[in-house]
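Everything below concerns the one structure shown next.
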Amino acid sequence: MNAVILGYGVVGKGIEILTNSLEDINIKYVYVRKEKENLPYFSNNEDMVVQDDIDIVFECLNGLEPANTLIQKALKKGKHVISSNKAVVATYLDTYLELEKEYGGSIQVEACVAGGIPFIDALLKLKRLEPLQGYEGIFNGTSNYILDSMQKNNLDFEDVLKQAQEKGYAEKDPSNDIDGVDVYYKTKISNSLAFNTPIVDIPYYAGIRTIKMLDIKFIKMNNKVLRHLSISRQIGDKIISIIAPCCMNENDFLANVPSNYNAQKILSHSFDTLGYYGQGAGQLPTAQAMVQNALDTLEDKERKIVYAKPKEFDTSLLKETWLIRSDIALENYYPIQKKEANYYWIENQDMSIIKKVKELDKNSFIALWR
């Protein structure tokens, strides 16, 4: 099969490296910016995705455009599109599935979530037998590296963030990672695939931008470990997702995930809990997931994404205990279970507390307490 790579960044180069050893997948073109064009292999011609001799389109661009335009062009010509672009997939997956159905191509998105971990494949496989109860996990290696390093090495947030940038774990602008946007995209995609529903928005989420060393010391003093989690549940025709830092018991599987690694737990009645662990990003782990999708296409083994009845997002499905550091007197707004210095424990609150507390105090730190 002939293929084209859209984007020649870290992941695009990884696909090129891995497919060089495969006889059945031939990279014919690479789509790059106009200033990087070096014909015939590196081209800025968008029509390459619709050429008759192209079967597979590896899309590893960033952001919504030109990614969305190119994906739609390819699908309308019956091509097999494999994407690692979580932003565009989280926004337009429903449209891509309609085009897949109409024109006979396919869309595969394993690399959008959890990098080299076959998490999406697991969701698509396991839900065939029974509705999944949900999943939870660490989906962002940058946030995990920062939190793990702060707790193990007693380093301030700014110093660890700089380290992460130097190691290539964090972008020059780390906002998507430390504000939870990256996990927001990944959770929208995962919910759609796990719960058989068109994309459902998640109204509130929290990142780790406001964490301080004093928070780390306070959490450790209370024998907890801090990780940034995505937690999703399905109950009937309703779903809920909480994306936030979480203070958890030291013996929890997710509490022991080191450095920039990712890990997830899938929950169902038949097997209770099933765990996954590995590299959630990076050149070869992510490229490996995309090339595996291509091999599925080659062998006619693609796992199709199929929707059932749309699910309603219900914030009231999960009510948790939250730990909040704030200079605002939160007892004026919530019933307080316990207070120590500027830290509040607030019980039985749904995820809307994230929005309320941030409106009251933009510098506050908020985390689940489990």
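The values are calculated or read from the model by the stated rules, or taken from the named source; none is laboratory data. Quick caveat: nothing in here was measured; it's all calculated off a predicted structure. Note: ideal-geometry Cβ built from the backbone for every residue, glycine included; neighbour counts use all protein chains shown. Ligands, DNA and RNA are stripped out before the accessible areas are found, and what is left, the full protein with its side chains, is counted by its heavy atoms. Shrake-Rupley method; radii C 1.70, N 1.55, O 1.52, S 1.80 Å.
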Furthest towards positive pole of dipole, ASN140, ASN45, ALA67, structure part region 1-145, Cβ charges: ASN140
Output needed: percent of Cα pairs per 10 Å distance bin for region 32-175, bins running from 0 to the one holding the longest distance. 10, 29, 29, 21, 9, 1
For the chain, what number results from the quotient of the Cα radius of gyration and 2.2 N^0.38 Å? 1.03
Percent carbon-and-sulfur accessible area, region 258-322, ignoring ligands, DNA and RNA, probe 1.4 Å: 50 percent
Calculate the length of the line joining the C-alpha centroid of region 1-49 to that of region 139-175, in whole Å. 31 Å
In whole percent, what relative contact order does the chain give with Cα contacts below 8 Å and a gap of six or more residues? 18 percent
Residue-wise HN-Hα coupling along region 121-127, computed from phi with Karplus coefficients 6.51, -1.76, 1.60 (Hz; x: Gly, Pro): 4, 5, 4, 5, 7, 5, 6
Give, to the nearest whole percent, the P(r) tail of region 279-324 beyond 11 angstrom, counting all Cα pairs. 78 percent
Of HIS269, HIS80, HIS228, ordered by accessible area with the largest first and a 1.4 Å probe, the sequence is HIS269, HIS80, HIS228
If N is the number of residues in region 241-324, what value comes out of its Cα radius of gyration divided by 2.2 N^0.38 Å? 1.47
From the phi of every residue in region 157-162, what ³J(HN,Hα) in whole Hz does the Karplus formula 6.51 cos²θ - 1.76 cosθ + 1.60 yield, where θ is phi - 60° and glycine or proline is x? 3, 4, 5, 6, 4, 4
Applied in sequence order to region 164-169, the curve 6.51 cos²θ - 1.76 cosθ + 1.60 (Karplus, θ = phi - 60°) yields integer Hz couplings, x standing for Gly and Pro, of 4, 5, 5, 7, x, 7
Can you give me the relative contact order of region 84-197 as a percent, contacts being Cα pairs under 8 Å and 6 or more apart? 32 percent
Going out from 0 in 10 Å bins, what whole percent of all Cα-Cα distances in region 6-80 drops into each bin? 19, 56, 25, 0
What Kirkwood hydrodynamic radius, in Å, does region 211-370 give when the mean of 1/r is taken over all pairs of distinct Cα atoms and then inverted? 18.5 Å
If you average the alpha carbon positions of region 69-111 and of region 261-306, how far apart do those two centres end up, in angstrom? 18 Å
If you bin the C-alpha pair distances of region 258-297 every 5 Å from 0, what whole percents do you get? 6, 19, 18, 17, 19, 16, 5, 0
When a/c reaches 1.5 or more, the comparison of a/b and b/c decides; with that in mind, is region 107-248 rounded, prolate or oblate per its Cα gyration tensor? prolate
With charges only on Cβ, +1 for K and R and -1 for D and E, what is the dipole size of the chain about its Cα centre, in debye, rounded to 20? 820 debye
To check you understand DSSP bridge types, tell me what percent of the beta bridges within the chain (both residues inside) are antiparallel, rounded to 5. 65 percent
